[in-house]
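Down below is the structure, laid out as structure tokens.
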Amino acid sequence: MTLWSQISNRFTSFKSPQIIFLIRAFLGYSVLFITYQFILIPYTSFDQWVIRALVRSSEALLKPFGPTFSAHENSEMQVIGLDGSTGVWIGTPCNGIHLIGLFSVFIMAYPGSWRRKLYYIPFGILLLFGYNSIRICALAWLSKFHPQWLLFNHNYTFTASAYILVFVLWMVWVKRLSKT
């Protein structure tokens, strides 16, 4: 038996749903990552559109806490904050697109009704966008009232909670909604 046929036989013998899910998720995320990095970022203004939408929604959420400011710094980042603070920068790494992509790929890769997926993925995207807006507001509030806590909460608290939210959304899909 040739080496190629041995590899081929091993690959086709993966009948486990977990292995199939992992392969689909890896391939889906790879396609999404390549499309995002090499097409969307360099050739479209999609990132800037998402960042502007986050700034607008965060401004609306921050209004009860006092006057806000936002500044368009350059084509990749914007600043938002409460008056009297340095504010927080919102850029490509913070816009949540990678997290939304990860969530969407997990749902698409897992078995289940495509009709339900077409409802659940936009629901999850809206929930993650809302979470990101609340996260930005919390960071803007921290930058004014407790700037010494800003870096820790940005790097750890909100990062962990964002991935926990994606995991919970995925578990809801796996345990409740993927059943046909």
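The values are calculated or read from the model by the stated rules, or taken from the named source; none is laboratory data. Note that the structure is predicted; figures quoted are calculated from it, not measured. Using ideal geometry, Cβ is built from the backbone for each residue, glycine included, and neighbour counts are taken over all protein chains shown.
What number of residues within region 30-67 satisfy the criterion of being farther than 19 Å from PHE129 by Cβ and of a type outside the set (A, V, I, L, M)? Step through it out loud before you land on a result.
Residues of region 30-67 farther than 19 Å from PHE129 by Cβ: 30-31, 33-35, 37-39, 42-43, 64-67.
If we keep only those that are of a type outside the set (A, V, I, L, M) as well, we get 30, 33, 35, 37-38, 42-43, 64-67.
Residues flagged as farther than 19 Å from PHE129 by Cβ and of a type outside the set (A, V, I, L, M) within region 30-67 amount to 11.
Return the residues of region 158-179 that are of a type in the set (Val, Ile, Thr) and surrounded by 12 or more Cβ atoms within 10 Å (Cβ to Cβ); say none if nothing qualifies.
Hits for region 158-179 are THR159, VAL166, VAL172, VAL174.
Condition check ((1) of a type outside the set (Val, Ile, Thr); (2) farther than 25 Å from THR35 by Cα) across all residues:
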position	(1), (2)
ILE100	no, no
PHE103	yes, no
PRO111	yes, no
LEU127	yes, no
ARG135	yes, yes
TRP141	yes, yes
LEU151	yes, yes
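Taking region 52-71, which residues are surrounded by fewer than 17 Cβ atoms within 10 Å (Cβ to Cβ) and among the small types (Gly, Ala, Ser)?
If the condition is that a residue be surrounded by fewer than 17 Cβ atoms within 10 Å (Cβ to Cβ) and among the small types (Gly, Ala, Ser), then ALA53, ALA60, GLY66, ALA71 are the ones that fit.
Pull out all pairs, ordered by first then second residue, where Cβ-Cβ is under 7 Å, the residues are six or more apart or on different chains, the first lies in region 135-149 and is free of Cβ contacts under 8 Å to residues at least 40 places away in the same chain, and the second is part of a helix (DSSP H, G or I) and basic (Lys, Arg).
Note: no pairs meet the criteria.
Pairs please, first residue from region 58-73 and on the phi < 0 side of the Ramachandran plot, second anywhere and among the aromatic types (Phe, Trp, Tyr), Cβ atoms under 7 Å, 6+ apart in sequence or on different chains.
PHE65/TRP141
Would you mind listing the strands (runs of 3 or more DSSP E) fully within region 50-159 where at least 3 residues are of a type in the set (A, V, I, L, M, F, W, C)?
Here the list reads 77-82, 88-91.
Only one of (1) surrounded by 17 or more Cβ atoms within 10 Å (Cβ to Cβ); (2) farther than 18 Å from LEU102 by Cβ; (3) out of contact with any Gly (no Cβ under 6 Å at 6 or more places or on another chain); (4) at pLDDT 90 or above fails for ILE80. Which number is that?
(3)
Name the residues in region 129-157 that are over 21 Å from THR68 (Cα atoms) and loosely packed, with under 13 Cβ neighbours inside 10 Å, would you?
PHE152, ASN155, TYR156
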